[in-house]
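A.B. asks: Below: one structure in structure tokens.
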Amino acid sequence: MKKSLLLLLAMLLSISLLVVACGGEDEEPTDTDTDSSETDVDDTEETTEGDVPQGGTVTYGFTQPFAGVFDWAHYGGQDDSLVLGLMHDTLFSTAEDLMTVPHAADFEISEDGLTVTISIQEGILWHDGNELTAEDMVYTWQVIAHPDYTGDRWSNVEMIVGASDVRSLEEYDPLPVHELEGVNVVDSHTIELQVNDPAPNTISNLWTNPMPSNHYEGIAVADLEDSEEVRRNPVGFGPFKVTNIVPGEMVEMERFDDYWQGPANLDGVVYRVVDGAMGAELVQQGEVDILEIQPGQAVQLEGNEAVQVLDYERLSYSYIGFKLGHWNGEEIVMDNPKFEDVRVRQAFAYAIDREGIINAFSDGYGVVINAPESVISWAYPDESTLTQYDTADRDADVAKANELLDEAGYSERDADGWRLDPDGNPFTVNFMAMSGSDISEPRATYIVQNLQDVGVNAKLQDGQLFEMNLFYDLVEEDHPDIDLFMGAWGLSADPDPTGLWRKSDAWNFPRWYSETSEELIREGLSLDALDPEYRTQVYQEWHQHVNEELPMIPLFSPIGVYAVNANVQNVQPFLSSAVYNPHLWYRTDVE
Amino acid sequence: METLDNQSTQELKKIAKKQSPWAIARRKLFQNKLAMISLAFLVIVTILSFLAPWITPFDPTRVDIMNRNVPPGGDFMLGTDVAGRDIWTLLLYGGRTSLTIGFVCMFLVVSFGTIIGSISGYYGGWVDAVLMRFTDFVMNFPFLVFVIVLASIFREAGIWALIIVISVLGWTGAARVVRSKTMSEKENEYVMAAISIGGSPFKVIRKHLLPNVMTTIIVQATLLLAVMIVAETALSFLGFGVPSGTPSWGNMMQEARQPHVIRSMWWIWVPPAMAITLTILSINFIGEGIKDAFNPKSAR
Amino acid sequence: MIQDTPKKSEHLLEIKDLKKYYPVRGGFFRKKIGDVKAVDSISLELKRGETFGLVGESGCGKSTAGRTITRLFKPTSGKILFEGKDITNYRGSRLRNIRKDIQMVFQDPYASLNPKMMVGSIVSEPLINFGKGSEKSLKDEVLDLLTKVGLPEDAYYKYPHEFSGGQRQRIGIARALALKPKLIVADEPVSALDVSVQSQVLNLLKSLQKEFDLTLLFIAHDLSVVKHMSDRIGVMYLGNLVEVADADEIYQNPKHPYTQALISAIPQPDPRNKSERIILTGDVPSPQNPPTGCPFHPRCPEAMPECSEKRPHLKEVNKEHKVSCLLYE
Amino acid sequence: MLIYTLRRIIIMIPILVMISIVVFSLALAMPGDALSGQIDPQNSNPEYIAEMRERLGLNDPVHVQYARWATNILQWDFGRSFNHKMPVTDLIGQRLPNTILLSVMSMIITYILAFFMGRYAGRNPYTIGDYGIQGLNYLMLAIPSFVAAIFAIFFFSFQLGWFPATGSIGSGVTPGTMDYWVSKIRHTALPALVLGALTTASYTQFLRNDIIESAQKDYVRTARAKGTSENQIYNKHILRNSIIPIVTLFGFDIASIIGGSVIIETVFGFPGIGELFVSSINNRDSSVVLAITLMLSVATLIGNLIADLVYGLVDPRIRVE
């Protein structure tokens, strides 16, 4: 689980496309299949063959050179995931409410939560003509569990019985031939899987993107990532097959006529690397048909008939964390008295002008949140049950902040007008933020200003911003200078807070926990929680608890923007990209 | 032996001043219009920068989200930037940062280059060989590339780390110039004479060689001042220089890495661009003027 | 002043077999492949109070010899004894200290004065170097020196470029005198000057020698200049001393063919007293590749076959008259 | 000359070793696993890191690590890029052609501009045209490359629309076709112009002064006295002599082009080595940073060598020192 959360989304995604290279930015789609998800098949029949124009090519732009690792289990960044989404498909997909639903395969979980049965639809073909079978899925798990495996998806097979045994083999074959004890192939399209522990999120955590095992035949696991079969002539079972790769610049794909959901409307898709800074212009000029742009650029496109601007809520959120303790190597120790008083934390939340931040620095592309969860998740709590720290009346918020601080005993002021702590000692607050985009610095300064405006002697740590990796290094090691820090998390589709919020989580950066919280998180993964309604209820309660305790101030859930050529239809950005049902895309300007 | 009385001493000194090589050079420099205009410009820019708090009512760091990207005119003479900061204010405070770093780096680089170069040139032999091999060695590192690598390693240390990194890598040219000038100057018999009257090596270098190498050093210093200002602004522009919250001309230019800023918000980047270019231009003209003034062959 | 001399010799300066070579490097590893023998073995003694004239064509190594003797250059081998002390290998502060006793007047009055310093500082510098005199007495002393070398007092605040060549050489002389040295090596002090002022400077030197009780090593490239100055004269050719004798003796009775040639080249004031002029043929050979045997033999009008093989040595032919020539061996 | 050249080349070897030591030390100073790019900087699981460190030999003594690193480099193995998920050599191989194209174009632009401006100014000294060229020179010397680049984007791309502002290739062209190359050159033109224009000033000045000086030489007077036409005098006698020294400046350019290309490529978003360098630093892709640092140092070293050699060829006195 830990690794699936791993991708801290460093930058505040809404604005940071320019700076973040491929590695850091995407939210881990591996366990959620978000990039490639194909929802229900219901209405596809008529659209694919019916009334929409057929043919034409669409150019999908990306703003960073891509690495070219065209295999789900090995790729690292969004750059490659977009291509994978076009050429590959997955067994399950994520529905709009982020629930995992059957797609190319059906699944069933036993009452005790320990057995998962996967039945792959028959007749699905790979681009090389082989049929997708249970063997492909089994092969994939064996690759990932193999000691030589070079990717980082281990946590998605870890729960399979026997996977750990394979991974810790001292002597082994370089090929993925070591069987996992818990995998039982019932027939060519059905697998019965034993997992170590029951959990409501087993299915969303489990690795279910099969590899073309025939295509990879004979390749040692260690060599897979760099093999020609992955990089030069990758094979998938998605709507488009790769015909030409220009490393780092372009991938050309054409329609795969035997696609299991019916052939795509388009003749092909060209994936090409373009300059992000020029984004909006490139779409206007028709050089690119689909491109994620910065919110700032979206403003230029308003009223432009040739371009559709499509918004979508990203699966991530930004926050400002308080340092309430430290990590002792094994667990959280809450020993930092500075923000011990919950009223101070709440006062800060009132003081910070989140609405203003979104409007000024993200051009409004973001939603103020009061819970550490993306607003699109089914687990996002009902706002009416939460305390609203950012009301429409800014003056009232500031007054409330002052009132809370006074109440907490921070009413005395020094000669410069800064508040003193209840013992009459200076109360200074170091705020740490990441560098990265042109608005990182003004935004951080503005937050400091917000605090200064309620008399808190806040300043940017060392008077500067920190580069992303350094920032997280310092935050993670609980650098003593840090009081407040602004971070962001990319989320997985499953809302389980484990990994970020438990007492035993190294990534619990605010270094906060409570008995209530621990209990609720456990409850959310209990057998009872196999019932979605119960689970929703548990997370609702957990969010209310966090909203009151406020170990971090949730800032906003960013909104992404795609600019799409007006002639290209059926494009629908979802979760983290616009590669969503690409076989339904069509052009209106073809003969 | 009677000594000269005080008054005539003063008079003689005055005459001496007028006729000293320095005085001649100064006169020539004062007659060079371009250099004088440039000097005036540089002095004005420096003074304005350092008096910034008394000239502009705005805070150079305060973010004003209600007044972002305001075009020139109205309350904001040159408009505001993406953070709602007054461009004119940033220009003044930024000049302070950029000029200070430029001067400090120039001073360090010239001092270090002079020390290495004069020792190397004076002693010759193995001392020279060792020092020059070392200089060549440092010269082989592409300046900008290494400054960026080092600056990114020491980024936490702030402005001083930047200054030291630039200086540590920037002295080689000065050292070579000073060395070759020292060597040719050393050929003059007065150096031999200075040794023959019992001057210690340190004294010979300081009293005899350096004053005569000084013209070269001064010219080199003006050139380096320009180079150092460019280095700071370029590094800040790329994001490896002054911390982004600190106003500096390079940081102001950083916003021009967004094409839409280049295209439609010219008031954000044109002022710092002009400030940098005009400053460098005037420093170069002053350098040319000094070079010319020290050149005995030039008329004027 | 210096009391530690073991034996008070009659010679102020003794030079034994002094050599100054410059290495020539070449080849792939820049190895030493030869030497330029600027000074190839000279030996001589200077008595206290005498003036010794060292004469030779330009390029014969006499300036190098002068600078090596004053230890501005480090000798390659040989010995320099000053007042009986071996100063050949002095370094650092010991070397600096002998400067109090040995001073030099340089050839080029334009180059030997620092253009950026006022005359007062130039002349007072040696005194400051050795911490002599307070600021007040220093200035008096310098003004005194300036007067002695015949310069006006207001020279104190002037720069060298405001003076003529002769005046500048006076400044150089004042500087050399400042420390009251025992020995002054004057390296062609007048060769860069107008003929009209040459004699003034020479006379100045001569009178100062008496006043300050100086021993003078006077280097010149033609005999006429040294004639009136010197008590004894040495003639150098290609790094070697070929003849040493009293001044009169050399003029009247030159032994070495080279000396004879030099003397014959002196213009005679009386046209009737016309002696035959000896013309030397050929160029001065390179000191990097000196001829075998007697270095003078390729140009010698009296060369014998063995001259190209056997190397002559400085031998006494008369009392106080030494010559290095096979004719006299 | 041959011996001199050989000597210079052999002297380079210890310098190379020393440079590699310096770069290696930087690698150690850099955060993370700089040498191989194998440890995922975003994975902070202590067990994983400890395991990887042990497996990659990062716990070995420094000199052992250096030896291994140097051996790998000699075998052309610079490690892997973490961000780009591929061997660094492949990555650089992808970018290098762009940078070479940019450098070559900028040099051609430099020489052409300098040739015509220098020739004109040299033939017509102290005229309005000459002063104009001189003024332009001063401006080109003073304006920092990134400022020039931004002005160029503003005027040539946005106001006039002549050149694309960024990137190295347009959309929808197939590699190898004519369109591809046209697009490539159109994209390279503006950065090359800026990079080239900045070095032009010193060349122009050099050529101008050289021509003016040569015009007073005896052989030119003789030619004139013989009635040779002015055009012939300039083209045949003077220019030919003045061009040679200009060409020799080439070696010194390599270092300045390297520095310039880092800035220019970044401003123009031109996917070359310089841009890769800056983005790798920003992403802490240390193995790429190190490889490029080493590569550019060696390039500078070779540039200095060429400069010295060519200089020695032209002026034999240099060889003796």
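The values are calculated or read from the model by the stated rules, or taken from the named source; none is laboratory data. What you see is a predicted model; the values in this text were computed from it and never measured. Cβ placement follows ideal geometry from the backbone for every residue including glycine, while neighbour counts extend to all protein chains displayed. Ligands, DNA and RNA are excluded from the accessible area calculation, which covers all protein heavy atoms including side chains. Shrake-Rupley method; radii C 1.70, N 1.55, O 1.52, S 1.80 Å.
A.B. asks: For residues in segment A:448-483 being part of a helix (DSSP H, G or I) and in contact with a helix residue (DSSP H, G or I) (Cβ under 7 Å, 6 or more places away or on another chain), which is nearest to the other protein chains (Cβ to nearest Cβ)? Please lay out each step first, then the result.
C.D. replies: Step one: filter segment A:448-483 for residues part of a helix (DSSP H, G or I), giving A:448-452, A:461-463, A:468-476.
With in contact with a helix residue (DSSP H, G or I) (Cβ under 7 Å, 6 or more places away or on another chain) added as a condition, the list becomes A:450-451, A:462, A:468.
Numbers: A:Asn450: 10, A:Leu451: 13, A:Asp462: 7, A:Met468: 8 Å.
The qualifying residue nearest to the other protein chains (Cβ to nearest Cβ) is A:Asp462.
A.B. asks: Can I ask one more? For segment C:72-92, give me each residue that is open to solvent by 10 Å² or more (accessible area, probe 1.4 Å) and either closer than 30 Å to C:Asp283 by Cβ or in contact with a helix residue (DSSP H, G or I) (Cβ under 6 Å, 6 or more places away or on another chain) (or both).
C.D. replies: C:Leu72, C:Phe73, C:Lys74, C:Pro75, C:Thr76, C:Ser77, C:Gly78
A.B. asks: Moving to a separate point now. Would you point out which residue out of C:Lys227, C:Lys210 is surrounded by fewer than 17 Cβ atoms within 10 Å (Cβ to Cβ), of a type in the set (Lys, Arg) and away from chain B (no Cβ under 14 Å)? Give the derivation first.
C.D. replies: Details: C:Lys227 fails: surrounded by fewer than 17 Cβ atoms within 10 Å (Cβ to Cβ).
Result of the check over C:Lys227, C:Lys210: C:Lys210.
A.B. asks: Among the candidates C:Pro285, C:Pro298, C:Pro305, C:Pro254, single out the residue that is out of contact with any strand residue (DSSP E or B) (no Cβ under 8 Å at 6 or more places or on another chain), free of Cβ contacts under 8 Å to residues at least 12 places away in the same chain and open to solvent by 10 Å² or more (accessible area, probe 1.4 Å). Step through it out loud before you land on a result.
C.D. replies: Details: C:Pro285 fails: free of Cβ contacts under 8 Å to residues at least 12 places away in the same chain; C:Pro298 fails: free of Cβ contacts under 8 Å to residues at least 12 places away in the same chain; C:Pro254 fails: out of contact with any strand residue (DSSP E or B) (no Cβ under 8 Å at 6 or more places or on another chain).
Only one candidate qualifies: C:Pro305.
A.B. asks: Here are B:Leu99, B:Leu78, B:Leu29, B:Leu48: which of them is more than 24 Å from the chain's Cα centre (by Cα) and more than 14 Å from every other protein chain (Cβ to nearest Cβ)? Working first, answer last.
C.D. replies: Working: B:Leu99 fails: more than 24 Å from the chain's Cα centre (by Cα); B:Leu29 fails: more than 24 Å from the chain's Cα centre (by Cα); B:Leu48 fails: more than 24 Å from the chain's Cα centre (by Cα).
Step by step, each of B:Leu99, B:Leu78, B:Leu29, B:Leu48 is checked, and only B:Leu78 is more than 24 Å from the chain's Cα centre (by Cα) and more than 14 Å from every other protein chain (Cβ to nearest Cβ).
A.B. asks: Looking only at segment B:52-70, which residues are among the aliphatic types (A, V, I, L, M) and in contact (Cβ under 8 Å) with a residue 24 or more places away in the chain? Can you show your working first?
C.D. replies: Taking segment B:52-70 and keeping what is among the aliphatic types (A, V, I, L, M), we get B:52, B:55, B:63, B:65-66, B:70.
B:Ala52, B:Ile55 - these are the residues of segment B:52-70 that are among the aliphatic types (A, V, I, L, M) and in contact (Cβ under 8 Å) with a residue 24 or more places away in the chain.
A.B. asks: Of the conditions (1) within 14 Å of chain B (Cβ to nearest Cβ); (2) farther than 30 Å from B:Asn69 by Cα, A:Tyr534 fails just one. Which one is it?
C.D. replies: (1)
A.B. asks: Exactly one of (1) of a type in the set (D, E, K, R); (2) modelled with pLDDT of 80 or more; (3) surrounded by fewer than 24 Cβ atoms within 10 Å (Cβ to Cβ) is unmet by A:Asp71. Its number?
C.D. replies: Result: A:Asp71 fails condition (3) only.
A.B. asks: Can you tell me which residue is most open to solvent (accessible area, probe 1.4 Å) among those in segment A:421-442 that are more than 8 Å from every other protein chain (Cβ to nearest Cβ) and either among the hydroxyl-bearing types (Ser, Thr, Tyr) or out of contact with any strand residue (DSSP E or B) (no Cβ under 7 Å at 6 or more places or on another chain) (or both)?
C.D. replies: Among them, the one singled out is A:Asp423.
A.B. asks: Additional query: Inspect segment D:216-232 for any residue being at pLDDT 75 or above and touching a Gly at 6+ places or on another chain (Cβ under 8 Å) and give the result as yes or no.
C.D. replies: No; the residues of segment D:216-232 include none that is at pLDDT 75 or above and touching a Gly at 6+ places or on another chain (Cβ under 8 Å).
Residues are listed down the side, and each one gets a yes or a no for (1) touching a Leu at 6+ places or on another chain (Cβ under 9 Å); (2) at pLDDT 85 or above:
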position: D:Ile258; (1), (2): yes, no
position: D:Gly272; (1), (2): yes, yes
position: D:Asn283; (1), (2): no, no
position: D:Ala291; (1), (2): yes, yes
position: D:Asp308; (1), (2): no, no
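A.B. asks: Can you find a residue that is closer than 30 Å to A:Thr498 by Cβ and within 13 Å of chain D (Cβ to nearest Cβ) anywhere in segment A:307-327? Let's see the steps before the verdict.
C.D. replies: Initial filter on segment A:307-327 (closer than 30 Å to A:Thr498 by Cβ): A:312-327.
From the residues that got through so far, the ones that are within 13 Å of chain D (Cβ to nearest Cβ) too are A:327.
Within segment A:307-327, one or more residues are closer than 30 Å to A:Thr498 by Cβ and within 13 Å of chain D (Cβ to nearest Cβ).
A.B. asks: Return the total of residues in segment D:66-100 being on the phi < 0 side of the Ramachandran plot and within 14 Å of another protein chain (Cβ to nearest Cβ). Break it down into steps so the answer makes sense when it comes.
C.D. replies: Going through segment D:66-100, the residues on the phi < 0 side of the Ramachandran plot turn out to be D:66-75, D:77-78, D:80-84, D:86-100.
Filter once more, keeping what is within 14 Å of another protein chain (Cβ to nearest Cβ): D:77, D:80-84, D:86-99.
Going through segment D:66-100 one residue at a time, the tally reaches 20.
A.B. asks: Can you work out which of the residues in segment A:235-252 that are open to solvent by 10 Å² or more (accessible area, probe 1.4 Å), more than 9 Å from chain D (Cβ to nearest Cβ) and over 16 Å from A:Glu131 (Cβ atoms) is modelled with the lowest pLDDT?
C.D. replies: Ranking the qualifying residues of segment A:235-252, first place goes to A:Ile245.
A.B. asks: Suppose we keep only residues that are farther than 18 Å from C:Lys182 by Cα, in contact with a strand residue (DSSP E or B) (Cβ under 8 Å, 6 or more places away or on another chain) and in a loop (DSSP other than H, G, I, E, B) within segment C:75-111. Which one would you say is nearest to the other protein chains (Cβ to nearest Cβ)?
C.D. replies: Looking at residues that are farther than 18 Å from C:Lys182 by Cα, in contact with a strand residue (DSSP E or B) (Cβ under 8 Å, 6 or more places away or on another chain) and in a loop (DSSP other than H, G, I, E, B), I get C:Gln107.
A.B. asks: Got a number for residues in segment D:280-308 being within 11 Å of chain A (Cβ to nearest Cβ) and either in a loop (DSSP other than H, G, I, E, B) or touching a residue at least 40 places away in the same chain (Cβ under 8 Å) (or both)?
C.D. replies: Counting residues in segment D:280-308 that are within 11 Å of chain A (Cβ to nearest Cβ) and either in a loop (DSSP other than H, G, I, E, B) or touching a residue at least 40 places away in the same chain (Cβ under 8 Å) (or both) gives 6.
A.B. asks: Restricting segment C:167-193 to residues that are more than 12 Å from chain B (Cβ to nearest Cβ) and open to solvent by 10 Å² or more (accessible area, probe 1.4 Å), which is farthest from C:Ser230 (Cα to Cα)?
C.D. replies: Only one residue tops the list, namely C:Gln167.
A.B. asks: Also, quick follow-up: Tell me the helices (runs of 4 or more DSSP H) entirely within segment C:146-246 that contain at least 1 residues that are at pLDDT 85 or above. Explain how you work it out, then say what you get.
C.D. replies: Working: elements: C:165-177, C:195-212, C:223-229.
It comes to C:165-177, C:195-212.
A.B. asks: Across segment A:141-181, which residue is nearest to A:Pro200 (Cα to Cα) among those that are surrounded by fewer than 21 Cβ atoms within 10 Å (Cβ to Cβ) and touching a Pro at 6+ places or on another chain (Cβ under 8 Å)?
C.D. replies: Selected residue: A:Arg167.
A.B. asks: Another question, if that's okay. Within segment A:462-474, identify whether any single residue is at negative phi, more than 31 Å from the chain's Cα centre (by Cα) and either in contact (Cβ under 8 Å) with a residue 24 or more places away in the chain or buried (at least 18 other Cβ atoms within 10 Å of the Cβ) (or both), and answer yes or no.
C.D. replies: Our first condition is that a residue be at negative phi; within segment A:462-474, this holds for A:464-474.
When the remaining residues are screened for being more than 31 Å from the chain's Cα centre (by Cα), the result is none.
Looking through segment A:462-474, none of the residues is at negative phi, more than 31 Å from the chain's Cα centre (by Cα) and either in contact (Cβ under 8 Å) with a residue 24 or more places away in the chain or buried (at least 18 other Cβ atoms within 10 Å of the Cβ) (or both).
A.B. asks: Condition first: at the interface with another protein chain (Cβ under 7 Å from one of its Cβ atoms) and assigned to a helix (DSSP H, G or I). Now tell me which residues in segment C:112-145 satisfy that. Give the derivation first.
C.D. replies: Residues of segment C:112-145 that are at the interface with another protein chain (Cβ under 7 Å from one of its Cβ atoms), as a first pass: C:112-116, C:118, C:125-126, C:129-130, C:139-140, C:143-144.
Within segment C:112-145, C:Glu125, C:Pro126, C:Asn129, C:Lys139, C:Asp140, C:Leu143, C:Asp144 meet the criteria.
A.B. asks: If you don't mind, there's one more thing I want to ask. Within segment B:159-166, is there a residue that is open to solvent by less than 10 Å² (accessible area, probe 1.4 Å), at the interface with another protein chain (Cβ under 10 Å from one of its Cβ atoms), in contact with a Pro (Cβ under 9 Å, 6 or more places away or on another chain) and of a type in the set (A, V, I, L, M)?
C.D. replies: No, segment B:159-166 contains no residue that is open to solvent by less than 10 Å² (accessible area, probe 1.4 Å), at the interface with another protein chain (Cβ under 10 Å from one of its Cβ atoms), in contact with a Pro (Cβ under 9 Å, 6 or more places away or on another chain) and of a type in the set (A, V, I, L, M).
A.B. asks: A:Asp97 passes all but one of (1) more than 18 Å from A:Glu229 (Cα to Cα); (2) within 26 Å of the chain's Cα centre (by Cα); (3) open to solvent by less than 40 Å² (accessible area, probe 1.4 Å); which number fails?
C.D. replies: Every condition holds for A:Asp97 apart from (3).
A.B. asks: Return yes or no: is C:Thr64 modelled with pLDDT of 85 or more, within 20 Å of C:His221 (Cα to Cα) and surrounded by 15 or more Cβ atoms within 10 Å (Cβ to Cβ)?
C.D. replies: Working: modelled with pLDDT of 85 or more: yes; within 20 Å of C:His221 (Cα to Cα): yes; surrounded by 15 or more Cβ atoms within 10 Å (Cβ to Cβ): yes.
Yes, satisfied.
A.B. asks: Do you know which of the residues in segment B:195-249 that are touching a residue at least 40 places away in the same chain (Cβ under 8 Å), open to solvent by 10 Å² or more (accessible area, probe 1.4 Å) and polar (S, T, N, Q) is nearest to the other protein chains (Cβ to nearest Cβ)?
C.D. replies: Of everything passing the filter in segment B:195-249, B:Thr246 is nearest to the other protein chains (Cβ to nearest Cβ).
A.B. asks: A follow-up question, please. Answer yes or no as to whether A:Val288 is within 11 Å of another protein chain (Cβ to nearest Cβ) and either over 24 Å from B:Arg257 (Cα atoms) or assigned to a helix (DSSP H, G or I) (or both).
C.D. replies: On the way: within 11 Å of another protein chain (Cβ to nearest Cβ): yes; either over 24 Å from B:Arg257 (Cα atoms) or assigned to a helix (DSSP H, G or I) (or both): no.
In short, no.
A.B. asks: While we're on this one: Does B:Met252 qualify as being within 14 Å of chain A (Cβ to nearest Cβ) and aliphatic (A, V, I, L, M)? Don't jump to the end; show me each part of the working.
C.D. replies: Numbers: within 14 Å of chain A (Cβ to nearest Cβ): yes; aliphatic (A, V, I, L, M): yes.
Here the answer is yes, as B:Met252 does meet what is asked.
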